[in-house]
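The structure appears right after this line, and notes come after that.
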Amino acid sequence: MTADLGRRSRKERKVGVGQVDDDNAVGDAELAAAFRRDPEEFQAVYDRYRRDIFRYVAGRLDRQDADDVTAETFLAAFRMLDRYDPARGALRPWLLGIATNCVARHRRKEARHYRALSRDRPEPTAGSHENRVAAAVTAQRAKPKLAKALLGLSPGECDVLLLVALGQLTHEEVAQALDISYGTVGSRLNRARAKLRQVIDQEDLHG
Amino acid sequence: MDELQLLATALDEPDQSPEAVDQGRRRLGNAIHGPARSHRTAWTAGGLGLTAAAAAVVVVVSGHTGPTATPNGPPASVATPGARMSAEQVLLAASSSALATQQGSGMYWHVKMAYIKGYTSDRSHPYTIETWARRDGRSWVRLGSSSGPVRNNDPDGPYGHYADGFDFGADERLTLTQIQKLPTGPAALKARLLSYNRGLPMAPALEGGLVGLLSGTPAPPKVRSAAFRALAALPGVKSLGPVSGGQGLLLRGPSKNMLVVDPRTSKVTGTIEEVVNGRRLYGGNATLVAEWTNELPPVSTPKIGPTEKPRRPSTR
């Protein structure tokens with residue numbers, strides 16, 4: 001099933017490293033041709049990319065708003081179908097760009113979400129020493145600080161940072177998604193990462 | 001790990017609930033082939049095999065209120081309930097009753113439709129879409145069931161728009177004043193409805209427009225009467241005999257449009273099987289409610305989570 005193909009390739013991507021993912025390039029062109037012929041086929045796009053869109057949006061809004069914005073993203077994408085050109089890029093960056101616009105309409109909710117996270121007390125550590133769990137525990141401890149740092153980013157910096165970190169887009173794909181230059185992606189990302197580094201320390205990164 | 005991996009892990013969330021996934025899929029499905037106004041598709045046809053199922057839909061979900069006839073009652077030409085009338089008799093009777101019905105009054109035009117997708121849904125609990133259109137054009141919608149949230153349905157709003165009785169064609173939203181001034185002669189009304197549905201072939205545009213007007217819009221009595229007469233003049237309309245809610249009629253065409261018309265009250269509910277590109281998309285739909293009301297249920301506001309305290313919002 002095409003949806004499974006999408007999920008498998010997502011697990012292999014590394015966060016933040018500029019890996020180009022061609023796994024779905026052929027799939028997207030086929031999907032686009034299919035839904036041009038028959039709009040009903042757009043459901044296949046929802047099936048394939050819903051999880052990725054939700055993962056990105058749920059990092060920016062609380063769960064109920066994230067459910068709404070995920071659905072809104074696909075509705076908006078459907079209304080703009082004729083603006084998607086497979087030659088200019090894959091579906092995922094296009095959809096994440098639309099999702100970013102939807103999130104932008106909820107800036108106050110996003111700020112409220114991060115303020116809530118920044119006030120949370122770090123959760124008590126779990127007993128296990130396994131690497132994967134330790135990373136998650138470390139991240140949970142750092143979450144309030146990270147949320148506070150996100151509040152200090154400009155909208156543009158936040159969009160770029162989270163498209164890379166949560167959306168797992170390359171710099172080129174971020175440029176496509178936000179319709180900005182490749183150079184702007186780099187400079188915004190650098191500023192955002194620098195602001196993050198100011199609030200986190202070695203202990204946060206290495207447990 | 002680096003700070004990006006830390007961020008990704010910290011903000012990682014479990015996937016959506018199955019209900020949320022399904023809700024999103026349904027909203028998209030409605031936009032693709034359902035009531036969202038820019039995607040109203042041509043009407044459908046089929047054999048009489050659908051009739052039993054369609055009638056079952058109406059039987060299961062009926063419970064509607066509609067315009068009430070005046071105490072003077074229906075014209076003498078209406079046959080006794082349960083008798084079989086010809087299609088033309090049904091439509092002409094309804095055309096007279098329409099003149100005699102009060103329009104009702106209220107702040108909101110309330111429409112409730114039930115959707116049954118043949119192979120996926122439970123006919124005793126159909127998926128419903130309920131809209132309230134205020135006289136000034138503001139609009140609200142409730143999706144799925146009566147326990148769902150009532151949301152903003154404004155055409156320029158953030159959630160997409162579901163047809164609410166003020167939408168008359170692919171991109172034609174009328175004001176209440178314009179609806180009240182629609183033509184009151186069948187020929188002029190037909191021409192106007194065709195002009196609102198230029199993207200469709202003539203027959204489906206006419207039938208869809210007329211049935212849509214009669215089953216779900218606050219068109220005034222003379223306009224409704226003209227619409228019935230326009231339908232009565234269409235060739236190939238068959239009578240299906242008495243069904244729950246009135247008399248069943250089958251319109252001609254490549255698609256299967258079944259109507260239920262109550263000749264005494266002029267109330268119309270429709271059961272439609274939509275087909276696009278030869279593929280059936282819907283099992284059917286029925287209009288449960290189409291009336292003026294003063295009641296709008298409480299409109300949903302976003303939930304505040306347990307860790308949040310209400311605060312004066314500040315800019316980032």
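None of the figures in this text is laboratory data; all of them are computed from the coordinates on show. Since the structure is predicted, the reported quantities are computational estimates derived from the model, not experimental observations. Note that we place each Cβ from the backbone using ideal geometry, even for glycine, and neighbour counts take in every protein chain shown.
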Just to be sure I understand the model, the point goes 7 Å from the Cα along the line to the Cβ. What's the resulting B:Asp156 to B:Gln180 distance in nm? 2.4 nm
Packing rank of B:233-240, B:162-169, where each peptide gets the mean count of other beta carbons within 10 Å, highest leading: B:162-169, B:233-240
Most packed first (mean Cβ within 10 Å per residue), the peptides A:75-88, A:135-148 order as A:135-148, A:75-88
Please express the shape of the range B:84-235 as an equivalent ellipsoid: the semi-axes are the square roots of 5 times the eigenvalues of the C-alpha gyration tensor, given largest first in whole angstrom. 26, 19, 16
For the range B:155-203, with equal point scatterers placed on the C-alpha atoms only and solvent neglected, what are the log10 I(q)/I(0) values from the Debye formula at q = 0.23, 0.25, 0.32 1/Å, to two decimals? -0.93, -1.03, -1.25
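In the neighborhood of B:Ser95, defined by Cβ-to-Cβ distances under 9 Å, what is the net charge if each Lys or Arg adds +1 and each Asp or Glu adds -1? Could the numbers behind the result be given before it?
Numbers: positive: B:Arg224, B:Arg229; negative: none.
Residues near B:Ser95 contribute +2 overall.
Given 0.36 nm per residue, what is the gain on full extension from B:Val299 to B:Lys222 after removing their alpha carbon distance, in nm?
Working: separation 77, 0.36 × 77 = 27.72 nm, distance 3.40 nm.
Answer, rounded to one decimal: 24.3 nm.
Using a Förster radius of 45 Å, what is the FRET efficiency between B:Ala191 and A:Ser118 based on their Cβ-Cβ separation? Nearest 0.05, please.
Values: r = 62 Å, r/R0 = 1.38.
Given R0 = 45 Å and the Cβ-Cβ separation, E is 0.15.
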Computed from the beta carbon distance with a Förster radius of 35 Å, FRET efficiency for B:Trp292 and A:Arg107 to the nearest 0.05 stands at 0.35
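Could you give the length gained by full extension between A:Asp179 and A:Gln202, i.e. 0.36 nm per residue of separation minus their alpha carbon distance, to one decimal place?
Values: separation 23, 0.36 × 23 = 8.28 nm, distance 3.49 nm.
Separation in residues times 0.36 nm, less the Cα-Cα distance, equals 4.8 nm.
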Modelled label-to-label distance, A:Arg191 and B:Arg84, 7 Å Cα→beta-carbon offset: nm? 7.8 nm
Out of all Cα-Cα pairs in the range A:34-89, roughly what percent, to the nearest whole number, are more than 20 Å apart? 28 percent
